[in-house]
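**Q** Starting off with a structure, shown below.
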Amino acid sequence: MGFRCGHCGEQIEQHQPHCRNCTATLSWPSTPALETWKTSILFSALGLLCPALAVGALFLIFHYLFIAASPEALSVVRPILSVLIPILALAYIVLLLSYPSKVYPSYFSEKPRLRSARQISFLNCFVGGLVFGLLWNRNLTRCEKGISNYVLFAVII
Ligand SMILES: [Zn+2]
């Protein structure tokens, strides 16, 4: 963790109130996101559901375009989609890359990017899916960052 006792300089590995070497009281940096953290089951479920809904919506759009649309409707919809889909795809890729490497680790620091347990629950599950989302929620509950975010980051790259 890279935290040292302010009195004797002893390296502190575990979160504990006193230094084991000199028994000085340790002043831990505050972690606002962890202090108010409580897994939101509702927002975790929404985070898991959103990608499924988005894929379903895309499927319906393509179904409509290729089977049901008239040529006039196609000529209107196609330019909109050809701009919208790359923008959405790019935004999703940026989120996938930045969340595990920057946003998630910040929850364990003094300046978290987000503090709301609902927003964090949602994004954990939205980005991490079932496996990483629930793991991250659990890590926040235990105040342990773990290395799973780097595992996902490596998998994405
Ligand atoms: Zn000490």
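Coordinate-derived values only; no laboratory data. Bear in mind the structure is a predicted one, so any value in this text is a computation, not a measurement. Please note: Cβ atoms are built from the backbone with ideal geometry, for glycine as well, and neighbour counts cover all protein chains shown.
**Q** Taking the highest mean first, how do the peptides 68-79, 37-48 order by number of other beta carbon atoms within 10 angstrom per residue?
**A** The packing order, highest mean first, is 37-48, 68-79.
**Q** Going by Cα centres, the range 113-157 and the range 6-54 are how many Å apart?
**A** 13 Å
**Q** So, one more: Output the Cα-based Rg and Dmax of the range 31-156 in Å, rounding Rg to one decimal and Dmax to a whole number.
**A** Cα-based Rg and Dmax for the range 31-156 come out at 17.9, 57 Å.
**Q** Just how large is the dipole of the chain about the Cα centre, in debye to the nearest 20, putting +1 at every Lys and Arg Cβ and -1 at every Asp and Glu Cβ?
**A** On the way: 12 positive and 6 negative charges, 41 e Å.
For this selection, approximately 200 debye.
**Q** I'd like the isolated cysteines in the chain, meaning no second cysteine's beta-carbon lies under 4.7 angstrom from theirs.
**A** Flagged as lacking a Cys partner: C50, C125, C143.
**Q** Quickly rank 18-28, 106-116 as a protection proxy: mean count of other C-beta atoms within 10 Å, highest first.
**A** Ranked by mean Cβ neighbours within 10 Å, highest first: 106-116, 18-28.
**Q** Also: What are the ³J(HN,Hα) couplings of the range 73-80, residue after residue, when phi is run through the Karplus curve with 6.51, -1.76, 1.60 and θ = phi - 60°? Round to Hz, x for glycine and proline.
**A** 5, 4, 5, 7, 6, 4, x, 5
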